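Below is one structure, written out as C-alpha coordinates, with a few remarks after it.
The values are calculated or read from the model by the stated rules, or taken from the named source; none is laboratory data. Not measured: the values here are computed from a predicted model. For neighbour counting, all protein chains shown are included, and Cβ atoms are generated from backbone atoms with ideal geometry for every residue, glycine included. Just so you know, the surface numbers come from the protein's heavy atoms only, side chains and all, with ligands and any DNA or RNA stripped out. Shrake-Rupley method; radii C 1.70, N 1.55, O 1.52, S 1.80 Å.
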Amino acid sequence: MAKEKHEIYDEQDKRLGRLILKVLGIVAIVSGLVGPFIYLLNANWGRELGTLAVICLGPKGRTAGGQWLALLKTLGLSILILGYFVIVLKLLG
(Lines give C-alpha, C1' and ligand atoms only; values in the text may rest on other atoms or scores of the structure.)
Protein backbone atom coordinates (compact mmCIF):
# COMPACT_ATOMS: atom_id res chain seq x y z
CA MET A 1 0.00 0.00 0.00
CA ALA A 2 2.76 2.44 0.92
CA LYS A 3 4.64 1.71 -2.31
CA GLU A 4 1.52 2.49 -4.36
CA LYS A 5 1.24 5.90 -2.68
CA HIS A 6 4.85 6.72 -3.57
CA GLU A 7 4.28 5.67 -7.18
CA ILE A 8 1.23 7.96 -7.39
CA TYR A 9 3.21 10.88 -5.95
CA ASP A 10 6.13 10.17 -8.28
CA GLU A 11 3.81 10.25 -11.32
CA GLN A 12 2.21 13.49 -10.12
CA ASP A 13 5.65 15.02 -9.54
CA LYS A 14 6.75 14.01 -13.04
CA ARG A 15 3.68 15.64 -14.57
CA LEU A 16 4.20 18.81 -12.54
CA GLY A 17 7.89 18.92 -13.50
CA ARG A 18 7.09 18.52 -17.19
CA LEU A 19 4.48 21.28 -16.96
CA ILE A 20 6.95 23.62 -15.27
CA LEU A 21 9.58 22.92 -17.94
CA LYS A 22 7.05 23.60 -20.71
CA VAL A 23 6.05 26.90 -19.11
CA LEU A 24 9.71 27.90 -18.66
CA GLY A 25 10.37 27.06 -22.30
CA ILE A 26 7.54 29.29 -23.45
CA VAL A 27 8.68 32.11 -21.16
CA ALA A 28 12.24 31.75 -22.44
CA ILE A 29 11.22 31.88 -26.10
CA VAL A 30 9.03 34.94 -25.54
CA SER A 31 11.67 36.74 -23.49
CA GLY A 32 14.33 35.95 -26.08
CA LEU A 33 12.20 37.30 -28.91
CA VAL A 34 11.02 40.41 -27.05
CA GLY A 35 14.31 41.15 -25.29
CA PRO A 36 15.95 43.36 -27.95
CA PHE A 37 12.85 45.53 -28.24
CA ILE A 38 12.71 45.96 -24.47
CA TYR A 39 16.45 46.74 -24.56
CA LEU A 40 15.69 49.80 -26.67
CA LEU A 41 13.39 51.09 -23.92
CA ASN A 42 15.33 49.92 -20.87
CA ALA A 43 18.79 48.36 -21.32
CA ASN A 44 18.84 46.64 -17.94
CA TRP A 45 15.53 44.86 -18.48
CA GLY A 46 16.58 43.82 -21.98
CA ARG A 47 19.76 42.21 -20.66
CA GLU A 48 17.78 40.45 -17.94
CA LEU A 49 15.38 39.01 -20.52
CA GLY A 50 18.30 37.74 -22.59
CA THR A 51 19.81 36.10 -19.51
CA LEU A 52 16.47 34.53 -18.64
CA ALA A 53 16.22 33.08 -22.14
CA VAL A 54 19.68 31.50 -21.88
CA ILE A 55 19.00 30.04 -18.44
CA CYS A 56 15.58 28.63 -19.30
CA LEU A 57 16.52 27.21 -22.71
CA GLY A 58 19.85 25.76 -21.60
CA PRO A 59 20.37 22.12 -20.59
CA LYS A 60 18.54 21.00 -17.47
CA GLY A 61 19.35 18.21 -15.06
CA ARG A 62 21.87 15.54 -15.92
CA THR A 63 23.27 15.56 -19.40
CA ALA A 64 24.69 12.58 -21.27
CA GLY A 65 28.01 14.26 -22.03
CA GLY A 66 28.61 15.68 -18.59
CA GLN A 67 29.00 19.20 -17.31
CA TRP A 68 31.45 20.37 -19.97
CA LEU A 69 29.06 19.49 -22.78
CA ALA A 70 26.23 21.29 -20.97
CA LEU A 71 28.49 24.31 -20.53
CA LEU A 72 29.36 24.33 -24.23
CA LYS A 73 25.67 24.05 -25.18
CA THR A 74 24.82 26.96 -22.89
CA LEU A 75 27.69 29.01 -24.33
CA GLY A 76 26.52 28.31 -27.88
CA LEU A 77 22.97 29.25 -26.97
CA SER A 78 24.11 32.49 -25.35
CA ILE A 79 26.15 33.41 -28.46
CA LEU A 80 23.11 32.68 -30.65
CA ILE A 81 20.83 34.88 -28.52
CA LEU A 82 23.47 37.62 -28.36
CA GLY A 83 23.75 37.51 -32.16
CA TYR A 84 19.97 37.87 -32.43
CA PHE A 85 20.08 40.87 -30.08
CA VAL A 86 22.85 42.51 -32.14
CA ILE A 87 21.05 41.94 -35.46
CA VAL A 88 17.75 43.34 -34.19
CA LEU A 89 19.41 46.32 -32.54
CA LYS A 90 21.43 47.10 -35.70
CA LEU A 91 18.26 47.03 -37.80
CA LEU A 92 16.24 49.14 -35.38
CA GLY A 93 18.93 51.32 -33.84
So the carbon and sulfur contribution to the accessible area of segment 14-93, 1.4 Å probe, in percent, is 73
Between [x] 88; [y] 111; [z] 101, the structure-derived volume of the Cα convex hull per residue in Å³ is [z]
Of 43-55, 69-81, ordering from highest average Cβ density within 10 Å down gives 43-55, 69-81
Note to self, the chain gives a 222 nm [θ] from helices alone (DSSP H runs n ≥ 4, -39500 (n - 2.57) apiece, / all residues, nearest 500) of -31000 deg cm²/dmol
